[in-house]
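Visitor: If you scroll down you'll find the structure; I have some questions about it.
The values are calculated or read from the model by the stated rules, or taken from the named source; none is laboratory data. All values derive from a computational prediction rather than experimental measurement. Please note: Cβ atoms are built from the backbone with ideal geometry, for glycine as well, and neighbour counts cover all protein chains shown.
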Amino acid sequence: MRDSYLILTTKEILERLKQLREEQALRQEALARYLGIDRTTYVRKERGDIPITTDEWLKISRAMDKDPSYFFSFRGNIIENSTPCPEELLLKLYRSLKKKEQDDFVCGVHLMLKHIRRKTVRDTLECLRKAHGMEDLV
């Protein structure tokens, strides 16, 4: 489906990095050396204090024998200890419904939110209605 389009938070990405590093019994010093940086700099990167560059992500992926997408998509191992955010739960609920139930869900969301005047909300509701063939809902 569209799992690959969902976005992980920076914290989840870095947790995945740390978890994989520990599973592979790689020390921070070894990865730092591979990246050509000091261990303390690597620690700060893994904690999220400073960003990991694209080039560094590619090197980390090679060192850990993983495709770079492993760190950024839901297709890899999902972190067991992470609590799903409300958006993920709503998406999971929607995907678990049958077509008719999805239509009812969209109709219910429309009824609950139609009074909101923000353009983003109204545009999204309109797109949902069109996607479900409910253009006549007002």
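Visitor: If you take the residues of segment 23-52 that are modelled with pLDDT under 90 and loosely packed, with under 11 Cβ neighbours inside 10 Å, which of them is farthest from K92 (Cα to Cα)?
Guide: Among those residues, the one meeting the criterion is A25.
Visitor: So, one more: Within segment 20-67, how many residues are part of a helix (DSSP H, G or I), free of Cβ contacts under 8 Å to residues at least 24 places away in the same chain and among the basic types (K, R)?
Guide: Residues meeting the conditions: 5.
Visitor: Looking at segment 30-74 only, could you name the residues that are among the polar types (S, T, N, Q) and closer than 17 Å to E15 by Cβ?
Guide: S61, S69, S73
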